[in-house]
Amino acid sequence: MDTFRAMPAPDTATPLHRLIQPSAVLLDLQAGTREEAVERLVERLELGPEASANVSQLLEQREAKGSTGIGHGVALPHARSIDADALGLAYGRASAGIEWGSQDGEAVRHVFLLVAPPVHVSNVYLRVMGDVARLVRAPEARQSLDAVKTVEDFFAALTDRGC
């Protein structure tokens, strides 16, 4: 069974560091475009080829409605999909930056990708989006993410920030 589908259903108090599997953290995201970044992170959710293609397409449709670049070098692409049995969260760091169409015009270095089932009883989807937005609002948090060298450092940075 793959890691994405094997995750327990989170409750409303589950911190971010418990929602991201280590295999879904990519500290050297090599992508020249937003589409490539999304595809690479969706692959980390281990949905399988057909489901991954469907989810990537949904995420691109969401981007067409308006950029998920939330500013300060951060993007939060998100979608609900019938291909998701549970909430999936992936993180990628692109040190060189990726043009994302963010309102502030800044290239994106940090991508938190979120996929959830169409219906989620506790609606953790919205809470997770809010938690990510609160985390990256602080310049110190973004600096911590810039500085991590290992996946373990990434999880320590989240934990240190209470996430």
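At-a-glance table
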read-out	value
Matching entry among 107, 90, 84 (being farther than 22 Å from residue 148 by Cα, touching a residue at least 24 places away in the same chain (Cβ under 8 Å) and either touching an Asp or Glu at 6+ places or on another chain (Cβ under 8 Å) or among the aliphatic types (A, V, I, L, M) (or both))	84
Among (1) buried (at least 21 other Cβ atoms within 10 Å of the Cβ); (2) closer than 26 Å to residue 157 by Cβ, the one test that residue 71 misses	(1)
Count - residues of segment 15-39 that are within 16 Å of residue 79 (Cβ to Cβ) and open to solvent by 40 Å² or more (accessible area, probe 1.4 Å)	3
Residue ID - most open to solvent (accessible area, probe 1.4 Å), chosen from residues in segment 91-139 that are part of a loop (DSSP other than H, G, I, E, B) and among the charged types (D, E, K, R)	99
Where a residue in segment 52-72 is hydroxyl-bearing (Ser, Thr, Tyr) and its partner, wherever it lies, is assigned to a helix (DSSP H, G or I) and open to solvent by less than 20 Å² (accessible area, probe 1.4 Å), with Cβ under 6 Å and at least six apart	52/42; 56/38; 56/42
Residues satisfying the stated conditions in segment 80-90, i.e. assigned to a strand (DSSP E or B) and open to solvent by 10 Å² or more (accessible area, probe 1.4 Å)	80
Selection count where residues are among the hydroxyl-bearing types (Ser, Thr, Tyr) and either open to solvent by 70 Å² or more (accessible area, probe 1.4 Å) or modelled with pLDDT under 90 (or both), scope segment 140-163	1
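The values are calculated or read from the model by the stated rules, or taken from the named source; none is laboratory data. Computed from a predicted model, the values in this text were never measured in an experiment. Don't worry about glycine lacking a Cβ; one is built from the backbone with ideal geometry, like all the others, and counts go over all protein chains shown. For accessibility, only protein heavy atoms count, side chains too; no ligands or nucleic acids. Shrake-Rupley method; radii C 1.70, N 1.55, O 1.52, S 1.80 Å.
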